[in-house]
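Encoded as structure tokens, the structure appears first; notes follow it.
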Amino acid sequence: MTISTPLLDKVNSPADLRKLAESDLETLAKELREFLLYSVSQSGGHFAAGLGTIELTIALHYIYNTPDDNLVWDVGHQAYPHKILTGRKDQMHTIRQWDGVSPFPKRAESEYDAFGVGHSSTSISAALGMAIAARQTGSQRRSVAIIGDGGLTAGMAFEALNNAGDVGADLLVILNDNNMAISPNVGALSNRFAQILSGKLYKTVKDGSKKVLSKVPNALDIARYAEEHVKGLLTPGILFEEFGFNYIGPVDGHDLPTLISTLKGIHELKGPQFLHIITKKGKGYAPAEAEPIKYHGVTAFDPVKGIVPSGKPSAPTYSKIFGDWICDISAMDKRVVAITPAMREGSGLVEYEQKFPDRYFDVGIAEQHSVTLAAGMACDGLKPVVAIYSTFLQRAYDQLIHDVVTESSGVIRH
């Protein structure tokens, strides 16, 4: 595969990106997508998620003054385009190799990696901490948490949302939502509505109305109820409004002009903001769009042919052996159930879900919950089997401690 990326070749840092005309950004997105396909097809790595964040990455670095402003990516494998645009393009062929580029954001690797992010659900807490620090020190630095819809299933994310709404710091949380179930909400109307909600005029009128109506008995409560009712009819964001965020969206995450216009408006707003974007995992590469799970993490492959099965018989993986075992024992004992924190494929439970759908529980990215859920089941007579990667199991007992120690010491690393 040969590619030509003349515009991308001129971008060695976000500062170079911000020198481009806005009209050039669509071309840059096309070249960045082509380079990501070329690079990962040669080296292997996380693939489909990065294809879905091309436009968002460009828009964020175009509007925000990185690295002074903080971008916290979550989950970390969304960040391949971010790495390419922040001076690591020529090292991407070394990803996941000894002394090569890390597959996740890593503070020791680049000043553009604001926080060391492994798998999931720490971004809002970290970005909130950075936003509070900026407020305490009088800095104008902005902080943005970009969290995937899978990452938002973890309890820690909601704990951070609850705290952020109470603290009221200048924080932007972006929900990168690639769940096709709500994609019909994306379109001209929802994009226009998002631009209105992110504009200064709306914020000025809203704040001014609060001051006036606060002097009229019950009027403020009635107005707030009416606003929430209207937003609830047009957007799915009432939950985040209840947390104290100004909800904006949903926005087409592949529509660069709308993303840029919306982010420009949000950049001028104060307090906690929540931007909901809809993206397609694997965007721009048809095989990955059709089978995003298959193309989530890949070994080297032919980008023309896609991933094709090897003709050689291979030894069964540990996941396959485990999957066969739990199917066998479940056939013999109806009390056996399987629990996984969003790792069905990796844990070898695809066949189990098909055979025993009523005994299969995917709890989302919430390892700590999965373990306690299993304990409750065991208390009342079931035989739960919890399937968790050993590297993810730590989140069941020390997620927060691990991240704090990692970032503060500079010695212990992922």
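Structure data summary
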item	result
Complete set of residues in segment 355-380 that are in contact with a Lys or Arg (Cβ under 7 Å, 6 or more places away or on another chain) and open to solvent by less than 40 Å² (accessible area, probe 1.4 Å)	Glu367
Ser347 vs. criteria open to solvent by less than 50 Å² (accessible area, probe 1.4 Å), touching a strand residue (DSSP E or B) at 6+ places or on another chain (Cβ under 8 Å) and either outside any helix (DSSP H, G or I) or at pLDDT 90 or above (or both)	yes
Scope segment 370-396; condition over 19 Å from Val75 (Cα atoms), modelled with pLDDT under 90 and not small (Gly, Ala, Ser); matching residues	Val371, Thr372
All positions within segment 120-145 that are more than 21 Å from Lys106 (Cβ to Cβ), touching a residue at least 24 places away in the same chain (Cβ under 8 Å) and not in a helix (DSSP H, G or I)	Arg142
The one condition in (1) open to solvent by 10 Å² or more (accessible area, probe 1.4 Å); (2) under 21 Å from Glu242 (Cβ atoms); (3) at pLDDT 95 or above that Leu172 fails to fulfil	(1)
Failed criterion for Glu31 (all others in (1) at pLDDT 95 or above; (2) open to solvent by 20 Å² or more (accessible area, probe 1.4 Å); (3) within 14 Å of Lys89 (Cα to Cα) hold)	(2)
Among residues of segment 245-261, those that are out of contact with any Leu (no Cβ under 7 Å at 6 or more places or on another chain), closer than 14 Å to Ile174 by Cα and in a helix (DSSP H, G or I), counted	1
Any pair with Cβ under 6 angstrom, 6 or more apart, that starts in segment 103-114 at a residue that is open to solvent by 50 Å² or more (accessible area, probe 1.4 Å) and ends at one that is of a type outside the set (Lys, Arg) and at pLDDT 95 or above	Lys106/Asp113; Arg107/Asp113; Glu111/Pro67
Test: residue in segment 286-293 that is surrounded by fewer than 17 Cβ atoms within 10 Å (Cβ to Cβ), at negative phi, within 16 Å of the chain's Cα centre (by Cα) and in contact (Cβ under 8 Å) with a residue 12 or more places away in the chain	yes
Verdict on Ala338 being within 27 Å of Lys294 (Cα to Cα), touching a Pro at 6+ places or on another chain (Cβ under 8 Å) and open to solvent by less than 40 Å² (accessible area, probe 1.4 Å)	yes
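The values are calculated or read from the model by the stated rules, or taken from the named source; none is laboratory data. In this text the structure is predicted, and so the values were computed from the model without any measurement. So basically every Cβ, Gly included, is an ideal-geometry build from the backbone, and we count neighbours across all protein chains shown. In case anyone asks, the SASA skips ligands and DNA or RNA and just uses the protein heavy atoms, side chains included. Shrake-Rupley method; radii C 1.70, N 1.55, O 1.52, S 1.80 Å.
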